[in-house]
Amino acid sequence: MPVKANKSDDGKKLTIAVSGYFDFGVQKDFRNSYENSSASVFVVDMKETEHLDSSALGMLLMMREYAGGNHANITLRNCSQEIKTILSVASFQSLFNIE
């Protein structure tokens with residue numbers, strides 16, 4: 001499964017791991033992984049993400065709105081250099097914590 005979600009023991013942090021291609025094909029699974037979550041801290045782990053496209057950028061923006069917009073606490077973790085470049089071109093560093 002390309003999208004796996006894991007809640008912390010206290011339920012405040014949700015980590016979503018995306019493997020393979022982060023594209024429109026995982027939209028439903030990605031959305032379902034965080035909707036109705038009581039978490040206040042979100043981490044999208046891209047250690048196993050090979051590539052992301054514009055639909056993935058849109059999904060991340062939708063997640064940000066769901067998580068509180070400007071008050072959202074979302075970290076994009078373990079991004080490859082290619083993914084960091086894509087995020088930088090899209091100016092996502094001002095919207096997300098990128099590691």
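Derivation of every value follows stated rules applied to the coordinates shown; laboratory data play no part. Just so we're clear, the structure is a prediction, and the values are computed from it rather than from any experiment. Every residue, glycine among them, receives a Cβ derived from its backbone with ideal geometry; neighbour counts consider all protein chains shown.
Report ³J(HN,Hα) in whole Hz for each residue of segment 7-23, in order, from the Karplus equation J = 6.51 cos²θ - 1.76 cosθ + 1.60 where θ = phi - 60°; Gly and Pro get x.
Along segment 7-23, the couplings run 8, 5, 4, 8, x, 8, 10, 10, 10, 10, 9, 10, 10, x, 8, 8, 8 Hz.
Sort D10, D45 by Cβ crowding within 10 Å, fewest neighbours at the top. Write out the running numbers ahead of the final one.
On the way: D10 7, D45 19.
Ordered from fewest to most neighbouring Cβ atoms within 10 Å, D10, D45 come out as D10, D45.
Would you mind calculating the relative contact order of the chain from Cα pairs under 8 angstrom and at least 6 residues apart, reporting the percent as a whole number?
Computed over the chain, the figure is 25 percent.
Under the rule of at least 5 residues apart or a separate chain, name every residue whose amide H is placed under 5 Å from the amide H of L76.
Here V44, N97, I98, E99 satisfy the definition.
Calculate, in nm to one decimal, what Y66 and S94 gain on full extension: separation in residues at 0.36 nm each, minus their alpha carbon distance. List each step's numbers first, then the result.
Numbers: separation 28, 0.36 × 28 = 10.08 nm, distance 1.72 nm.
Taking Y66 through S94 to full extension adds about 8.4 nm, to one decimal.
Relative to the Cα centre, what is the charge dipole magnitude of segment 11-99, using +1 at the beta carbon of each Lys and Arg, -1 at the beta carbon of each Asp and Glu, and rounding to the nearest 20 debye? Intermediate results must be reported in sequence, preceding the final value.
Values: 8 positive and 10 negative charges, 68 e Å.
So the magnitude is around 320 debye.
Of all DSSP beta bridges in the chain, what percent run antiparallel (nearest 5)? Kindly include the intermediate steps, with their values, before the conclusion.
On the way: 5 of 19 bridges.
The answer is about 25 percent antiparallel.
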